[in-house]
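Data block below; observations after.
The values are calculated or read from the model by the stated rules, or taken from the named source; none is laboratory data. A quick note: this is a predicted structure, and the numbers were derived from the prediction, not measured. Neighbour counts run over all protein chains shown; Cβ positions are idealised from the backbone, glycine included.
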Amino acid sequence: MQDKYQPAAVESSAQHYWETTSAFRVSEDAARPKYYCLSMFPYPSGKLHMGHVRNYTIGDVLARYHRMRGFNVLQPMGWDAFGMPAENAAISNGVPPAKWTYANIDYMKGQLKRLGFAIDWSREIATCSPSYYRWEQWLFTRLFEKGLIYKKLGTVNWDPVDQTVLANEQVIDGRGWRSGAVVEKREIPMYYMRITAYAEELLAALDDLPGWPEQVKTMQRNWIGRSEGVEVHFPYELATIGKAGVLKVFTTRADTLMGATYVAVAAEHPLAAQAAAGNPELAAFVEECRQGGVAEADLATMEKKGMDTGLRVVHPLTGEYLPVWVANYVLMGYGEGAVMAVPAHDERDFAFAGKYGLPIQMVIRSTHGLYEDTAAPWRDAYAEHGKLVNSGKYDGLDFDAATNAIAADLAAKGLGQKRVQYRLRDWGISRQRYWGCPIPMIRCDDCGDVPVPDEQLPVALPEDVEITGRGSPLAKMASFYECACPKCGKPARRETDTLDTFVESSWYFLRYACNDNAAAMVDARANYWAPIDQYVGGIEHAILHLLYSRFFTRAMRDCGLVEASEPFTRLLTQGMVVASAFYREGEDGKRQWFNPADVAVETDERGRPVGATLKADGQPVDLGGTEKMSKSKNNGVDPQALIDQYGADTARLFIMFAAPPEQQLEWSDSGVEGASRFLRRVWSYGYDLAQAGGARAKIADTPPPALADARREIHGHLKQANHDFGKFQFNTVVSAAMKILNALEKLAGKDAATQAVASEGFSILLRLLSPITPHIAHVLWRECAFGDDILAAPWPEPVAAALAQDEIELMLQINGKLRGSLRVPAAAATAEIENAALATEAAQKFMAGKPPRKVVVVPRRLVNIVV
RNA sequence: GCCCGGAUGGUGGAAUUGGUAUACACAGCAGACUUAAAAUCUGCCGCCGCAUGGCUUACGGGUUCAAAUCCCGUUCCGGGCACCA
């Protein structure tokens, strides 16, 4: 055994042991409770970043902890391997996406192994492999036949110069990122998943997910956005519009219908198109609305603009004519693509009406009297609920009564009814890109859209493809798209769109259970492992990925493939890793960013940062604040350098110690030094213990008082650590381990009693640390002769006898201010404590002779005397 | 713009969930060891004040015997917004 800690040797020895014993290979075992611990799989972007290290360390700590607690633990790993970056790499470097992706997988897999994660690698999957995506295609055809997948027009970002559909990410300030051309909205046919069919279930089931963070459930509830309201029909007439019909809108504020002064439709609405046909000015406005991307954040922050179509619809209750406006804030994809506007009681309508001089009609009385006088200048809309005014027969009704009365009257006229509306929209899954799962459909002029039959699956993605960044590569490959109709055999055209990569990540967790099955998508093993007991991943996936996975699991359930409805029983959402950024501003105003590794930070005599210089030239650089680690700010810290210098255990320990998992983690190199120092001390302690003969026999039940204090302290820290493990608060678990080592180092005696307490304490320390720093724990456990394999050791529990205490200290407050303390027997009654507190010198002094008005005793904590 | 979070010493963070604010670390300062340096060890370390003491958990109010924690309002920072993954 080395006297100095040498992480590289320790880690390769431990990893070799796990490798040769297949320590993490698992199978179904009915005798033990199962624990399926899953971290979100990585996109193989090139190399691991700090966020990956954090994510997989959290998952690994949970997996190893539960294993020691007696669970049959599965922790698999795979690759979310389809996606845009591979195509971008192909465009800029000419490397084929498949080659680039598999090379990245190789490298990153090596990095994961070096970190010592307890992964069952026999279950590895890559979503770009035909053995994976053929089952996705197979399920697609089933869902298509069930009607859960359908085709309709969808709006995309169109780059008119590159003749390409752009992702929202590729639209910057309304322009294509490569061409710089102003992006247009374009409608194209796309396949959709009918997630809205599950809206109610996805919403209701959130109430049965106690293991999910409340914040994530709230976000999902709001995203699904169930609202109860009224569908209102505004009829239009042959005389005014040239044809008869109704304009449908949905509103949650039917009580304000008598205050509607206009209606607004989306630029893509048929009425807008009709009106624009004879009105060049309006046509130009509709055209202007087509400019810019489709991202909601952009649409919502845009300046609200509109134009009168000249068309008029009829108010369903008053019979008055209301103008129809085209407005850029009305979205064709939401609801009916039209809204009724009540400027007096809606902020956005109020601003719009003010801008264009549209009438404002007050119909709700403000509860705080602000808008009593309708003639007074309006400053703002009154959007609260209240009693109706200026509404004829509805005057005096409150929100519920008015909504019911108006809905009933509309229904009687056949011009509307109550209904439930969801904000959730169906999931558009078609992508006009190459590096994705081909959609298994064939377009036949006679038979329509025909699914590819099972025996022709998979529809393999061709690899000999040219990627230029212009247009869809597959749509240019006749060898790919030319085919025969499976139904009639006539020449037909294969679908050239690929699937949204969120589809792959919506079911991968089930495939891990049976990745070797070439005959079925999933089998009985999936029902053994599902649902996932613990899922770990970034908070940025709180809505889309997690909601799609919840939907997909239900769709698969309804196809008879799995029993579970919910995929993830417990969810841990991890915070991002951020770091300081440093820059210099060039003469052209452009910032050049320097990596923190190349920058020296200067501090004053108290350690406050006062400036920074570039190590290369000694000249100053500016501090750019704390930012998410990114290429653009050049502030990423490469975990590989950290592992090379300090070892995997130090990297794991630091990242777990630096912040609680759900919080943002601020990177600092000096903290790493501290983690490394702690492990060196652990090693030295273990070395000394091993030299002194290693593990000792069982501890005496009643050690001498001085030792009893030390042992109480150690078991107290253990109790805290176990509590914190349950809360996933690993930073304080590490703190507790540090406190235990501090206590152990104070135990100087060489006598048998002291050595017994030390030996017990160190065995507790190693087991507490083993999920976090498994390599050093594994080696020291053996060197100190605690056993052969710490993985098989029982999890340590505090001993009640060790924690027992005769006398405790209580804090003493006078009028809520801390004025001293007192010692009382642990079992003292409240009255006894009160008397002891009143008798203290501090109480006498600060009460200044006044009688106590009240004495509050908080058991085991404090006494507060109020005078 | 909308939805969801966050803010505690020079720094990361802790606070048994309403009960000793600043645990455990990092950085810093002082000392020991050393020819010297590294490593290691010991002590100090929120702010103001000579001090009894006072102040302090982004900011402003409130509830309470007691608030970092609960309520109302504000500011700033972060995540998501349906084609980044």
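Data for the structure
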| read-out | value |
| --- | --- |
| The range A:519-539, subset in contact (Cβ under 8 Å) with a residue 12 or more places away in the chain and among the charged types (D, E, K, R), residue nearest to RNA strand B (Cβ to nearest atom) | A:Asp533 |
| Given (1) part of a helix (DSSP H, G or I); (2) surrounded by fewer than 16 Cβ atoms within 10 Å (Cβ to Cβ); (3) not basic (Lys, Arg), index of the condition A:Pro189 fails | (1) |
| Qualifying residue in the range A:764-772 (condition: touching a residue at least 60 places away in the same chain (Cβ under 8 Å), within 37 Å of the chain's Cα centre (by Cα) and either surrounded by fewer than 23 Cβ atoms within 10 Å (Cβ to Cβ) or more than 18 Å from A:Arg681 (Cβ to Cβ) (or both)) | yes |
| Residues satisfying the stated conditions in the range A:333-342, i.e. modelled with pLDDT under 90 and either more than 42 Å from the chain's Cα centre (by Cα) or buried (at least 19 other Cβ atoms within 10 Å of the Cβ) (or both) | A:Gly335, A:Gly337 |
| Residue match in the range A:214-231 (condition: more than 10 Å from RNA strand B (Cβ to nearest atom), among the basic types (Lys, Arg) and surrounded by fewer than 15 Cβ atoms within 10 Å (Cβ to Cβ)) | no |
| Output for the range A:634-693, where each listed residue is aromatic (Phe, Trp, Tyr), at pLDDT 90 or above and within 17 Å of A:Asn731 (Cβ to Cβ) | A:Phe654, A:Phe657, A:Phe678 |
| Qualifying strands (runs of 3 or more DSSP E) (wholly inside the range A:806-867; at least 3 residues being of a type outside the set (A, V, I, L, M, F, W, C) and in contact with a Leu (Cβ under 6 Å, 6 or more places away or on another chain)) | A:817-825 |
| Any hit, the range A:703-713, residues being aliphatic (A, V, I, L, M), loosely packed, with under 15 Cβ neighbours inside 10 Å and at pLDDT below 90 | yes |
| From A:Glu231, A:Glu145, A:Glu237, residue being under 30 Å from A:Ile406 (Cβ atoms), modelled with pLDDT of 95 or more, out of contact with any Ser or Thr (no Cβ under 7 Å at 6 or more places or on another chain) and acidic (Asp, Glu) | A:Glu231 |
| Residue that is nearest to the chain's Cα centre (by Cα), among those in the range A:638-655 that are in contact (Cβ under 8 Å) with a residue 24 or more places away in the chain and within 11 Å of RNA strand B (Cβ to nearest atom) | A:Ile655 |
| Close pairs from the range A:662-678: first under 14 Å from A:Arg54 (Cβ atoms), partner within 6 Å of RNA strand B (Cβ to nearest atom) and of a type in the set (Val, Ile, Thr), Cβ under 9 Å, at least 6 apart | A:Glu662/A:Ile539 |
| Residues (of a type outside the set (Gly, Ala, Ser) and either free of Cβ contacts under 8 Å to residues at least 24 places away in the same chain or surrounded by fewer than 18 Cβ atoms within 10 Å (Cβ to Cβ) (or both)) located in the range A:171-183 | A:Ile172, A:Asp173, A:Arg175, A:Trp177, A:Arg178, A:Val182 |
| Qualifying positions in the range A:124-162 - within 16 Å of RNA strand B (Cβ to nearest atom), aliphatic (A, V, I, L, M) and surrounded by 18 or more Cβ atoms within 10 Å (Cβ to Cβ) | A:Ile125, A:Ala126, A:Leu148, A:Ile149, A:Val156 |
| Subset of the range A:815-854 that is of a type in the set (A, V, I, L, M, F, W, C) and within 9 Å of RNA strand B (Cβ to nearest atom) - its residue that is surrounded by the fewest Cβ atoms within 10 Å (Cβ to Cβ) | A:Leu818 |
| The listed residue being acidic (Asp, Glu) and out of contact with any helix residue (DSSP H, G or I) (no Cβ under 7 Å at 6 or more places or on another chain), out of A:Asp523, A:Asp533 | A:Asp533 |
| Scope the range A:776-801; condition within 37 Å of the chain's Cα centre (by Cα), farther than 23 Å from A:Asn72 by Cα and assigned to a loop (DSSP other than H, G, I, E, B); matching residues | A:Pro798 |
| Residue that is surrounded by the most Cβ atoms within 10 Å (Cβ to Cβ) [pool: residues in the range A:277-331 that are within 19 Å of A:Ala351 (Cβ to Cβ) and aromatic (Phe, Trp, Tyr)] | A:Trp325 |
| Only one of A:Lys727, A:Lys739 that is in contact (Cβ under 8 Å) with a residue 12 or more places away in the chain and of a type outside the set (A, V, I, L, M) | A:Lys739 |
| Residue pairs meeting the criteria (Cβ under 6 Å; at least 6 apart or on separate chains; first under 15 Å from A:Ile406 (Cβ atoms), in the range A:379-390; second among the aromatic types (Phe, Trp, Tyr)) | A:His385/A:Phe399; A:Leu388/A:Tyr394 |
| Residue check for A:Ile406: in contact with a helix residue (DSSP H, G or I) (Cβ under 7 Å, 6 or more places away or on another chain), of a type in the set (Val, Ile, Thr) and either away from RNA strand B (no atom under 16 Å from the Cβ) or in a helix (DSSP H, G or I) (or both) | yes |
| Residues that are buried (at least 18 other Cβ atoms within 10 Å of the Cβ), at pLDDT 95 or above and more than 18 Å from A:Cys437 (Cβ to Cβ), drawn from the range A:72-103 | A:Asn72, A:Val73, A:Leu74, A:Gln75, A:Pro76, A:Met77 |
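Listed here are the residues, each with its yes/no results for (1) of a type in the set (Asp, Glu); (2) within 16 Å of RNA strand B (Cβ to nearest atom); (3) assigned to a helix (DSSP H, G or I); (4) out of contact with any Cys (no Cβ under 6 Å at 6 or more places or on another chain).
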{"position": "A:Tyr434", "(1), (2), (3), (4)": "no, yes, no, yes"}
{"position": "A:Pro458", "(1), (2), (3), (4)": "no, no, no, yes"}
{"position": "A:Leu461", "(1), (2), (3), (4)": "no, yes, no, yes"}
{"position": "A:Glu466", "(1), (2), (3), (4)": "yes, no, no, yes"}
{"position": "A:Gly469", "(1), (2), (3), (4)": "no, yes, no, yes"}
{"position": "A:Phe480", "(1), (2), (3), (4)": "no, no, yes, yes"}
{"position": "A:Ser505", "(1), (2), (3), (4)": "no, yes, yes, yes"}
{"position": "A:Ala513", "(1), (2), (3), (4)": "no, no, yes, yes"}
{"position": "A:Asn517", "(1), (2), (3), (4)": "no, no, no, yes"}
